[in-house]
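Below: one structure, written as C-alpha cells.
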Amino acid sequence: MKFLNVVRRQPKVDAPPPPPPVPKRPPLPASLLARLVGLDPSRAPRLGERRRRPRLEIGLPIIIDAELGPQRQTFEARACDISAEGIGIEVVCALPTGTRFSLTIPLIEDEGFVALTYIVRRCELLPAGARHYVGGELLEYVELIADRPQIDDTSPD
C-alpha cells in the first residue's frame, strides 16, 4: 500500500525584507570616561563585574532634563555609576522605559563638561521606597570646553 503525500506545500509568499541594521552608536572613549570619573584605585571596577563595559562608581549629584510627554521636566538626581555605554542614576520619581533624558557632568581633571543624552532602559523602585534606580543607555555625547575668562592686557596699570 502506498501512502500519498497529502500535505501540500504552501506557495512561497514574498516576505518583506528585514529592516536595515541599526547603526551601533559609539561608546564613550576610554580617555573621556577617565576624565569624567577620575580613574584611581578606589574607583576600580567592581569585583565580579560581568559586563562588557564595567561600571565605575561616580556618586555625583546631577540635574537631569527628561522628555516626559509633550514637555521637558528637570529633576535633581544622583549619578551612581557610569560606563562607556550607560549610566545608573537615582531619582525621586519613576521615568518610563523609553524616556530620553540629558545631563551634563563636569570633567574632573580638566576644565569643561560633557553633555550626555540617554534613553531609559529600566526603572526600579529602591527598597527604601522613596527613590527609583534608573538605568540609561547612552545615545549621544558632546564634550564642551569651559569658557575661560580673557585677560585684558590693554588696561592701564
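None of the figures in this text is laboratory data; all of them are computed from the coordinates on show. All values reported here derive from a predicted model rather than from experimental measurement. Here the Cβ is made from the backbone with ideal geometry for all residues, glycine too, and neighbour counts use every protein chain on show.
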Q: Hey, can you grab everything whose amide H is under 5 Å from the amide H of Ile62? Only 5+ residues off in sequence or another chain; H modelled, so Pro and N-termini drop out.
A: Ala77, Arg78, Ala79
Q.
Starting from the 7 Å offset along Cα-to-Cβ, what nm value, one decimal, do you get for the label separation of Leu32 and Thr74?
A. 2.4
Q: Restricting things to alpha carbons, find the Rg to Rh ratio for the range 60-103 using the Kirkwood radius for Rh.
A: 0.94
